[in-house]
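*Asks:* Structure in structure tokens, see below.
The values are calculated or read from the model by the stated rules, or taken from the named source; none is laboratory data. Everything numeric here is computed off the predicted structure, so don't read it as measured data. Note that we place each Cβ from the backbone using ideal geometry, even for glycine, and neighbour counts take in every protein chain shown.
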Amino acid sequence: MKNLSALLLLLFAVTLFNQEVKAFEILSKYEGTWAYECYDAPYPYHEGTVLIANKDKATTVKVTFKNGQSVWGKNVNVKDGNLSFEVYVEGNMVKTVLEQKGEKVIGKANSPEGVMDVVIKKKVEK
């Protein structure tokens with residue numbers, strides 16, 4: 001009976017560890033500095049950069065708009081290979097969900113003005 005309990009505990013631990021490794025692998029694909037385009041958004045929010053980092057087991061997202069203004073992402077989450085976060089722009093919440101497709105990441109930004117297409121491309125670090 002002790003062996004069965006130990007085996008079940010080991011299987012549970014391996015499964016849990018495997019899920020954490022998969023989440024880390026997905027997150028590492030998103031880490032870095034990205035240039036984004038969202039031409040449905042009003043100026044100056046239609047272009048800028050997105051910085052995605054993982055510090056102390058917490059994922060951070062910082063969006064910098066073309067005019068230099070920056071906002072920090074809230075409720076950052078990686079689930080089913082998608083990265084989602086919320087930013088507040090001019091007092092309005094904009095929920096963004098991104099999915100990696102090859103070298104670029106595509107997604108949707110849902111704002112009070114409607115759903116907008118977003119494309120981000122990895123910036124080459126020099």
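*Asks:* For a quick check of your reading of the model, give me the residue pairs whose first member lies in the stretch 49-62 and is surrounded by fewer than 16 Cβ atoms within 10 Å (Cβ to Cβ), whose second is of a type in the set (A, V, I, L, M) and assigned to a strand (DSSP E or B), with beta-carbon atoms closer than 7 Å and at least 6 apart or on different chains.
*Replies:* THR60/ALA53; THR60/VAL76; LYS62/LEU51
*Asks:* Which of (1) of a type in the set (Phe, Trp, Tyr); (2) modelled with pLDDT under 85; (3) more than 13 Å from LYS122 (Cα to Cα) does TYR88 not meet, given it meets every other one?
*Replies:* TYR88 satisfies all of (1) of a type in the set (Phe, Trp, Tyr); (2) modelled with pLDDT under 85; (3) more than 13 Å from LYS122 (Cα to Cα) except (2).
*Asks:* Which one is nearest to VAL94 (Cα to Cα) among residues in the stretch 56-77 that are small (Gly, Ala, Ser) and out of contact with any Lys or Arg (no Cβ under 9 Å at 6 or more places or on another chain)?
*Replies:* GLY68
*Asks:* Of everything in the stretch 95-113, what is without any contact (Cβ under 8 Å) to a residue 60 or more places away in the chain and not in a strand (DSSP E or B)? Give them in sequence order.
*Replies:* Scanning the stretch 95-113 gives GLY102, GLU103, PRO112.
*Asks:* What's the total number of residues in the stretch 36-70 that are over 18 Å from GLU113 (Cβ atoms) and at pLDDT below 90?
*Replies:* 6
*Asks:* Can you name every residue in the stretch 71-94 that is under 20 Å from VAL119 (Cβ atoms), part of a strand (DSSP E or B) and either within 11 Å of the chain's Cα centre (by Cα) or of a type in the set (S, T, N, Q) (or both)?
*Replies:* If the condition is that a residue be under 20 Å from VAL119 (Cβ atoms), part of a strand (DSSP E or B) and either within 11 Å of the chain's Cα centre (by Cα) or of a type in the set (S, T, N, Q) (or both), then VAL76, VAL78, ASN82, LEU83, SER84, PHE85, GLU86 are the ones that fit.
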